[in-house]
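Remarks on the structure that follows.
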Amino acid sequence: MSQTIEAMPTEVKDRFKALKVLYDQQMEIDEEEEKLYRELELKYDKLYQEVYTQRKQILLGTQAPPEALFAEYQARAEELYDEDYKKVEVNPIDVKDIQNTPLGVYGFWFKAMLNHVLMGRLIQEKDRPILMHLQDVECVLHTEGYGYDIVFTFEKNDYFSNETLKKTFVMTKQNVIEKCEGTVIAWKDGKDVTKKKVKKKNKKKGPKQNVVKTVEQESFFNFFKTIVMPDESELASKEVAVPKEGEEEEKDAGELMDADFDIGNEFKDQLIPLALEYFLEVIQEDEEDCEGCSDDQCDDHKNPDSDEDDDRPKKVKRKQQKGGDAAAAAGQQECKQQ
């Protein structure tokens, strides 16, 4: 920025020097604000975790719902009750899977994710039986910097041996992703839903034979892959692959990092705090907005860079590469008794 100002005509240079100093002062205030906000976020996160711990115990059935919560529920319900209360239409929720079990809510997180417009589109058919083993999802804020972990806890299952799967976003500065690291999933033999085998014709000379190759396929569990940003030398030497007819253009590491960060933010700011509302299908606005949309249009509804009012986090910048600019990144309902 300073070089641009120095290259200006003398007649206007001083004005922009003054504006640059004011801009720097603005950035200093912004940095102080972000630091204070993070301290406040960490303070209240401890209070949230106390509530989430009780929620987890009830969902897993390790603790019966405390009697005190029933009394509080009744008091809150009476506060909400008015002449319009009975006029509100609600859709009964199917709870037959847990109706005959004394404690816990089996499949809670899977169903909550399925009712979230973005997660519902990411979850493939083969992912569903695996996610039914999901017991808990939590967000762990980093005490150093601005990053966080999204941690999935699973019961023992026939698909992988990991007890937890984690996605880590490292940010020493607000809005600058430095690392995007995931857990290596220890898939059991033949259970990896992120890959599939396809037959391809051998192009070499001689008898034509089909060759079986393992290729990647869409799966929610691709979220747990580690994404490494290439350095400048790798970017310069890498040839741009031209997609063949019918093939999609391969996404670069930056685009993948942005996409994963969007998913992470949805868990951090939407799904984890509002899990009950998603399970009960109270939150439907986004899904209704996306009805009849193409995939690209639906993605636009989830685009944090949209000009429309949106209180969700904005897509962050990735860590600046050497010698270049940082790239912009990213009620109550009745239960159906069977």
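Just so it is clear, none of the values below were taken in a lab; they were calculated from the coordinates. Only a predicted model underlies this, so the values are computations on that prediction, with no experimental measurement involved. Because the Cβ atoms are built from the backbone with ideal geometry, glycine has one as well, and the counts that use them run over all protein chains shown.
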Can you pull out the residues in segment 15-33 that are aromatic (F, W, Y) and either within 21 Å of K173 (Cα to Cα) or not in a helix (DSSP H, G or I) (or both)?
-> Y23
Within segment 159-171, is there a residue that is more than 29 Å from Q57 (Cα to Cα) and out of contact with any Cys (no Cβ under 9 Å at 6 or more places or on another chain)?
-> yes
Residues (in contact with a strand residue (DSSP E or B) (Cβ under 9 Å, 6 or more places away or on another chain) and acidic (D, E)) located in segment 76-130 | D94
Are any of the residues in segment 19-33 surrounded by 13 or more Cβ atoms within 10 Å (Cβ to Cβ), more than 24 Å from E138 (Cβ to Cβ) and more than 27 Å from the chain's Cα centre (by Cα)?
-> yes
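When only residues in segment 34-63 that are part of a loop (DSSP other than H, G, I, E, B) and surrounded by 11 or more Cβ atoms within 10 Å (Cβ to Cβ) count, which is nearest to the chain's Cα centre (by Cα)?
This residue is G61.
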Out of (1) over 30 Å from V140 (Cα atoms); (2) not in a helix (DSSP H, G or I), what's the single condition that is false for V12?
-> (2)
Restricting attention to segment 137-149, does a residue exist that is out of contact with any Cys (no Cβ under 9 Å at 6 or more places or on another chain) and over 23 Å from K179 (Cβ atoms)?
-> no
Is it the case that G145 is small (G, A, S) and closer than 16 Å to D45 by Cβ?
-> yes
